[in-house]
Amino acid sequence: MTPYPGQFTYPDAERIVELNVGQESSVYWEEYKALMTNTDDYYSRMRAINEFSIKLAVAQLKSKPMTAVLGNPNVKFDLVITEADVPLLYAVADKYEAPHIAITASSGKIHQYESKGSPIHPLLYPDINSVNFRNLSSWQKIVEFNRHFQTRQEYYNTYLPLCDVAAKKIFGFRRSLLDVERDIDLLFVASNPVLIGNRPSPPAVVYVDRMHIKPGYPLPEDLKALLDSASKGVVYFSLGAFQESEHLSPQLLQTLADAFRELPYLVLWKIENTTMINDLPDNIISSQWFPQQEILAHPNVRAFITNGGWRSLEEAVFYEVPIIGLPIVKSQKVFIQEITRHNAGELLDLYYLEKQNLVEVISAVASNDKYKEAMSKLKSAANDHIISGPEKAVWWTEYVLRNGGAKHLRSPAVGESYFKHLVIDIVGVLSAVCILFLSLSYFILRTVVRRLRGRFWQKYEDSSKFKAL
């Protein structure tokens, strides 16, 4: 099922059947873009995205291609792979009673790790909604604890029940999607632990980074000639696929342009509309779209100014281009910091940006070899594996097919309540035994003391009477 049929080339194209849901998905495109460019953190944005994902998934599942498949009793599957961020899609795997792999294109969410028995913690293990990580102040710890609590509450008490309702309407579903989620055989996380923060993970969590990276593609001839001639170097600036530069204020756009004017480098700026900028500098080449990976692969590119989207950060590491992070959404800062803590770039606050500071930071990152060397070292640490992320995804997919599932890799912690996980029941029993022992000891000791005291007073009285005689 895909809204983008024909967009990808496959080695064995004749074996791939694309179920086109593009028409059903296209009506939601503008709403999706608005949600992705909305920087109103935190809770309202998360809830709006969750509600939108249900609407979109329902429309796709009710499309003609999907109803034709779902309504055909002769259709069977040996394996179902679903998007991990939309629990409603889990129902498809359960309908066919097939082994199930879920894949998330993000760094992973709380409920996804939790469903595989991987430990979660508001401070130690960041998720996609975290805004602070490492060396936290007391206030930052409170903020992270609150976001962690809100994220879990929204998912388990609001989002998942809404998905349950939709699954019942579409599939006549009786089983809880929470149970289906816990039964997922493998979770593929399209990220690298070196870049998102390490966490203890069971075998059912497989990190498959670099899935989208396709090195070796040539640049368009005109763009290649432009970059080849930029002897002083190139700075590439993109705020991602949805959070385009056009959404920034005119004042901020002008500050950026004025800073770029003072640089000796050619600046490739991914921006469609530059009419809000007065006197666009000559060293800026603007365009609605650039082939990002091919640009980052060019040896003359000295720095990458990015909003901190995960795919962009992964590409920067792979192609060894130091970054200047300008996060639009607060949660993007965490993963930029996972790069900058290795001295492979710098982090700036987009909304408190000064021209001179921006010029100095870009100049330092683009000209100082320490940033390039740090990025090369980080790439080596992140990508030095026995097999690559895509190869790992293939191997584990075939593993599930060969073995008819991977329930045997399931962590015993899956589905355990905090009460049992923290052995509060055992602590309760031991505490009760201790209290009982202490209580009995107290009563026995009190009884012994009373009797000894009684005997003492009896002897004392007898002695007093004898003296009186």
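Name the residue, out of G117, G71, that is farther than 28 Å from P412 by Cα and small (G, A, S). Let's see the steps before the verdict.
On the way: G117 fails: farther than 28 Å from P412 by Cα.
The match here is G71.
Of a type in the set (K, R) and farther than 28 Å from K407 by Cα: which single residue out of K62, K109, K76 fits that description?
Values: K109 fails: farther than 28 Å from K407 by Cα; K76 fails: farther than 28 Å from K407 by Cα.
Matching residue, one of K62, K109, K76: K62.
Which of the residues that make up the range 56-95 are hydroxyl-bearing (S, T, Y), crowded, with 17+ Cβ neighbours inside 10 Å and part of a helix (DSSP H, G or I)? Quick ask: steps written out before the conclusion?
From the range 56-95, those hydroxyl-bearing (S, T, Y) are 63, 67, 82, 90; that's our starting set.
The next check asks that each one be crowded, with 17+ Cβ neighbours inside 10 Å; those that pass are 63, 82, 90.
Scanning the range 56-95 gives a single hit, Y90.
Given the criteria part of a loop (DSSP other than H, G, I, E, B), out of contact with any Gly (no Cβ under 8 Å at 6 or more places or on another chain) and over 24 Å from E315 (Cβ atoms), does L160 qualify? Spell out the reasoning first.
On the way: part of a loop (DSSP other than H, G, I, E, B): no; out of contact with any Gly (no Cβ under 8 Å at 6 or more places or on another chain): yes; over 24 Å from E315 (Cβ atoms): yes.
Considered against the rule, which asks whether it is part of a loop (DSSP other than H, G, I, E, B), out of contact with any Gly (no Cβ under 8 Å at 6 or more places or on another chain) and over 24 Å from E315 (Cβ atoms), L160 comes out as no.
Here's a check for you: in the range 133-157, which residue that is over 30 Å from P203 (Cβ atoms) and part of a loop (DSSP other than H, G, I, E, B) is farthest from the chain's Cα centre (by Cα)?
Looking at residues that are over 30 Å from P203 (Cβ atoms) and part of a loop (DSSP other than H, G, I, E, B), I get S137.
Can you report the number of residues in the range 396-415 which are surrounded by 13 or more Cβ atoms within 10 Å (Cβ to Cβ) and without any contact (Cβ under 8 Å) to a residue 60 or more places away in the chain?
The qualifying residues number 2.
Which residue pairs have Cβ atoms closer than 9 Å, lie 6 or more positions apart in sequence or on different chains, and pair a first residue in the range 176-198 that is farther than 28 Å from N132 by Cβ and outside the structural domain of L123 (by TED's automatic domain parsing) with a second residue that is at pLDDT 90 or above and part of a helix (DSSP H, G or I)?
Correct list of pairs: empty, since none qualify.
Here's the yes/no breakdown for (1) surrounded by 15 or more Cβ atoms within 10 Å (Cβ to Cβ); (2) in the same structural domain as V131 (by TED's automatic domain parsing); (3) within 23 Å of L70 (Cβ to Cβ); (4) at pLDDT below 85:
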position: P5; (1), (2), (3), (4): no, no, yes, yes
position: Q23; (1), (2), (3), (4): no, yes, yes, no
position: W29; (1), (2), (3), (4): no, yes, no, yes
position: M36; (1), (2), (3), (4): yes, yes, no, yes
position: Y42; (1), (2), (3), (4): yes, yes, no, yes
position: S53; (1), (2), (3), (4): yes, yes, yes, no
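Applying the selection to the range 128-147, what residues are without any contact (Cβ under 8 Å) to a residue 60 or more places away in the chain and either more than 28 Å from S411 (Cα to Cα) or touching a His at 6+ places or on another chain (Cβ under 8 Å) (or both)?
Initially, the range 128-147 is screened for residues without any contact (Cβ under 8 Å) to a residue 60 or more places away in the chain, giving 135-146.
Across the range 128-147, the qualifying residues are N135, L136, S137, S138, W139, Q140, K141, I142, V143.
Could you tell me how many of the residues in the range 286-303 are free of Cβ contacts under 8 Å to residues at least 60 places away in the same chain and touching a helix residue (DSSP H, G or I) at 6+ places or on another chain (Cβ under 7 Å)?
Total satisfying the criteria: 1.
The values are calculated or read from the model by the stated rules, or taken from the named source; none is laboratory data. It should be emphasised that the depicted structure is a prediction, and the values quoted were computed from it without experimental measurement. Please note: Cβ atoms are built from the backbone with ideal geometry, for glycine as well, and neighbour counts cover all protein chains shown.
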